[in-house]
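The values are calculated or read from the model by the stated rules, or taken from the named source; none is laboratory data. Values in this document were obtained by computation on a predicted structure and should not be read as measured data. With ideal geometry, Cβ positions are generated from the backbone for all residues, glycine too; neighbour counts draw on all protein chains shown. Note: areas computed on protein heavy atoms with side chains; ligands, DNA, RNA excluded. Shrake-Rupley method; radii C 1.70, N 1.55, O 1.52, S 1.80 Å.
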Amino acid sequence: MNVVIRPSMPVDGPAISRLVLAAFGDEGPDIVQLIDALLDDATARPLASLVASVDDTVAGHVMFSRAVIGDSGPAVTASILAPLAVHPDFQRQGLGRRLVEAGLAVQAASGVDLVFVLGDPALYSRFGFELAGPRGFRAPYPLSPLYEAGWQVQVLHAARGEAVKGRVKCADALSAPRYWQE
């Protein structure tokens, strides 16, 4: 299997939509709409959008959009990993892992200090994510107790990332309560 991880291009849009619809089922249309909205959202920039291409087929996708912590200003940079999708035909083959690792490397190289995610703690802890709440980071909206363990952070640049705490503000497109509350 020939896998290439690369920045997404506008021409990938329909393929990304198809894989998201396949990966997320009933939630797929909302996730496709979120991706489109993030791509058009100036508050999401800088934005990283990567695809995993398998033999020239877009099989996976991940996005990282800008976030701000409390009143930290430009001294601390942050992003939110969302969404991550792998087409069901390519799941359990390491594509999600490769996408997340490549995305984190892009974030680190671009100077991002903190990366947040709301997701499966068992999955994301493998990449070095830790519970964000005990570190003093609050999600954009209050989380139900069922989802508190999913609110996680990875510190990429400790010198700057350790010095801040507070509520995380995400891009406008991702700030709808439905993405944070059940």
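Of all residue pairs spaced 6 or more apart or on separate chains, those with beta-carbon atoms under 6 Å, a first member in the stretch 153-182 that is at pLDDT below 85 and a second member that is outside any strand (DSSP E or B) and open to solvent by 60 Å² or more (accessible area, probe 1.4 Å) are 177/141; 180/141; 181/141. Candidates in the stretch 54-77 are the residues that are part of a strand (DSSP E or B) and open to solvent by 10 Å² or more (accessible area, probe 1.4 Å); of these, the one that is nearest to residue 117 (Cα to Cα) is 66. Being part of a loop (DSSP other than H, G, I, E, B) and within 25 Å of residue 4 (Cβ to Cβ) is a description that does not apply to residue 51. Against the numbered list (1) in a helix (DSSP H, G or I); (2) surrounded by 16 or more Cβ atoms within 10 Å (Cβ to Cβ), residue 134 comes up short only at (2).
Listed conditions (1) free of Cβ contacts under 8 Å to residues at least 60 places away in the same chain; (2) closer than 23 Å to residue 129 by Cβ; (3) in a strand (DSSP E or B); (4) open to solvent by 50 Å² or more (accessible area, probe 1.4 Å) are all met by residue 6, apart from (2). Can you confirm whether residue 145 is in a loop (DSSP other than H, G, I, E, B), open to solvent by less than 60 Å² (accessible area, probe 1.4 Å) and over 18 Å from residue 5 (Cβ atoms)? When the stated conditions are applied, residue 145 does not pass them.
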